[in-house]
Structure formats: C-alpha cells, structure tokens
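The structure appears right after this line, and notes come after that.
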Amino acid sequence: MLPFIDLHIHTRHSDGRNMVRDVVRHAEANGVEAIAITDHYHMIGYERTANYIFEIRESSEEASSTRVLVGLEVHPSGNAIPQLLDHVKKNLDIILFDPVDADPSLLSVLDRESLFEHFARVYREASTVPWIDVIAHPFCLGRFSGVKHFSDIEDWLIEEFIEASVNGEKYIEVMNEMIWWFPNSPVRRFTKEYIEFVKRAVKMGAKFSIGSDAHCSQGVGNIMWSRMVLERAGAGAENVINIEDLSR
Ligand SMILES: [Zn+2]
Ligand SMILES: [Zn+2]
C-alpha cells in the first residue's frame, strides 16, 4: 500500500491561488498523511523566505492529523543551479529541483538535440548537489520543440537520468499532473509510456516521491494518477520516500 502523501504544492507565496492555511486545512480534511509546501524559490525571493517558512510552521501547528513539511521548488537560473544559504537550507524539510529554467524562454529556442543535451547536463549536475532531495516531474519536455510523446525522448537520456538519480540518492517524483507537460499526447498513450519509464527506474533501484503540483487548495492530495502509475510499474511502499529519512 502506497502512502497518501503529497509533497509538491504551491500557494500564494509563488504562483498558487490559496493561502498556506487553506491548503493545510484541505489536506487534513482529505486525510492526507503528509504534505510539503514547495513554492518557487525565485518567486518568493530571499528576503521573504523567513516569513514563508514561519507561516508554514504556524499553519502546521493547527493540523492535528497531517504532517506539514516546509519545502521549496528550485529552478536553474540562466542555466546555473542557484546557491542556497545554509541557514535557509537548515530550516527546510524538503527541496525539489525543477530542471526548467526560471526563464523558460531560454529552452524554447533550442532544437530537440540541444534540448536533450541540456536536460542531460542539468540532471547530471542536480544529482550531485547534496541539498536537492527530489527531481520534480522528470522529462517535462512535451511543451518544447520536437517532443510530442514521451517515446520521443531518447533512450540514452532516460538511462542516464535514472542512473544519476540512483547514484546521487535523489527521489524521482511521479507528479500527478504530468499530462499537463504533454498536451499533444493522448492520455492513454502517455500513461502507458510513463509507466514503462517508472518500471525501468524501479528495476534500477530508484526511489520515488509523490506530488500533485497543485496550484489551488482543491487539488491538494490529488495523487490518483501517480499512485496508479507507481502501482502498475510494480513499486511498493519500500520504493517510495519515507519522510522520516529526510534530513540535511
Ligand atoms: Zn515544477
Ligand atoms: Zn511545482
């Protein structure tokens, strides 16, 4: 049985619609065991980070049956992975890395080969950064040039990514809204192809995180697709993140 967790949620601190408190209340009402608030770091800004962390901790005290983790989603900026100050890191429970640049227009000018090379490099680099816990929605490529279906992604890139994640002890996120990233691929086909990727990662010893990437409180805890994909790929609770293991 897979845990009922949702470790990828946005609030009004970045591009989400609702306040932290509403998100936490929805999670608890829906029986979610643990959530992580993971707003975009570049949208919060360093100056507001302390306030962000404080607000999440405060709201979490109100929840009696849902664990609330303080997280961030960090993007490369101008192709470089940003630095996080030690005192910021030590106040966070979980950090997600999204390979898409804070300025996505940098990627939309790349042709397919350069895009694959770019993602390979970014994934390789991220897997060696100690403070990154989770690689968010891997292969979020279907909105860039030359990638319509998941199967358009070349095998070497998938292989390299799984290997780097396993060696770097990064959790691979199975994000519930993954089809958003592949608007031109039919849901059934996309799901089947993504299951094959997850199956391969299970065989190679990967561990997974689960997240809705909800941008409004109603979406919190919607992890139905993620669970179905993980189950069909043969993943059990032992392949999924145990939040007690998160430490930095
Ligand atoms: Zn993201
Ligand atoms: Zn996100």
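The values are calculated or read from the model by the stated rules, or taken from the named source; none is laboratory data. No experiment lies behind these values; they were computed from the predicted model shown. Every residue, glycine among them, receives a Cβ derived from its backbone with ideal geometry; neighbour counts consider all protein chains shown. Surface accessibility is based on the protein's heavy atoms, side chains included, excluding ligands, DNA and RNA. Shrake-Rupley method; radii C 1.70, N 1.55, O 1.52, S 1.80 Å.
A compact table of results
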quantity: Flag if GLY16 is free of Cβ contacts under 8 Å to residues at least 24 places away in the same chain and not acidic (Asp, Glu); calculated: no
quantity: Failed criterion for ALA164 (all others in (1) over 15 Å from ALA136 (Cα atoms); (2) away from ligand 1 (no atom under 16 Å from the Cβ); (3) crowded, with 16+ Cβ neighbours inside 10 Å hold); calculated: (1)
quantity: Residue ID - nearest to ligand 2 (Cβ to nearest atom), chosen from residues in the range 101-118 that are among the aliphatic types (A, V, I, L, M) and open to solvent by less than 10 Å² (accessible area, probe 1.4 Å); calculated: LEU107
quantity: Residue satisfying all of: in the range 70-83; more than 14 Å from ligand 2 (Cβ to nearest atom) and open to solvent by less than 10 Å² (accessible area, probe 1.4 Å); modelled with the lowest pLDDT among these; calculated: PRO76
quantity: Among the candidates GLU33, GLU28, GLU61, GLU117, residue that is more than 16 Å from ligand 1 (Cβ to nearest atom), without any contact (Cβ under 8 Å) to a residue 12 or more places away in the chain and closer than 26 Å to CYS216 by Cβ; calculated: GLU61
quantity: So ILE135, is it among the β-branched types (Val, Ile, Thr), within 16 Å of ligand 1 (Cβ to nearest atom) and within 17 Å of ALA80 (Cα to Cα); calculated: yes
quantity: Test for ILE195: is it within 30 Å of HIS13 (Cα to Cα) and touching a Lys or Arg at 6+ places or on another chain (Cβ under 9 Å); calculated: no
quantity: Residues of the range 36-48 classified as away from ligand 1 (no atom under 16 Å from the Cβ) and without any contact (Cβ under 8 Å) to a residue 40 or more places away in the chain, total; calculated: 3
quantity: In the range 1-34, residue least open to solvent (accessible area, probe 1.4 Å) [restricted to those that are under 21 Å from TYR52 (Cα atoms) and polar (S, T, N, Q)]; calculated: THR11
quantity: Restricting the range 136-146 to residues that are of a type outside the set (Ser, Thr, Tyr) and either open to solvent by less than 10 Å² (accessible area, probe 1.4 Å) or touching a Lys or Arg at 6+ places or on another chain (Cβ under 7 Å) (or both), the residue that is farthest from SER226 (Cα to Cα); calculated: GLY146
quantity: Among the residues listed as GLY236, GLY211, GLY221, the single one being on the phi > 0 side of the Ramachandran plot and either at pLDDT 95 or above or of a type outside the set (Phe, Trp, Tyr) (or both); calculated: GLY221
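Residue by residue, here is whether (1) within 15 Å of ligand 2 (Cβ to nearest atom); (2) touching a helix residue (DSSP H, G or I) at 6+ places or on another chain (Cβ under 7 Å); (3) not in a helix (DSSP H, G or I) holds:
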{"residue": "GLU160", "(1), (2), (3)": "no, yes, no"}
{"residue": "PRO183", "(1), (2), (3)": "no, no, yes"}
{"residue": "ARG189", "(1), (2), (3)": "no, no, no"}
{"residue": "LYS192", "(1), (2), (3)": "no, no, no"}
{"residue": "ALA201", "(1), (2), (3)": "no, yes, no"}
{"residue": "ARG227", "(1), (2), (3)": "no, no, no"}
{"residue": "GLU231", "(1), (2), (3)": "no, no, no"}
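To keep it simple, each residue is scored yes or no on (1) farther than 23 Å from SER108 by Cα; (2) touching a residue at least 40 places away in the same chain (Cβ under 8 Å); (3) within 19 Å of the chain's Cα centre (by Cα).
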residue: SER151; (1), (2), (3): no, yes, no
residue: LEU157; (1), (2), (3): no, yes, yes
residue: TRP180; (1), (2), (3): no, no, yes
residue: SER185; (1), (2), (3): no, yes, no
residue: LYS203; (1), (2), (3): yes, no, no
residue: PHE208; (1), (2), (3): yes, no, yes
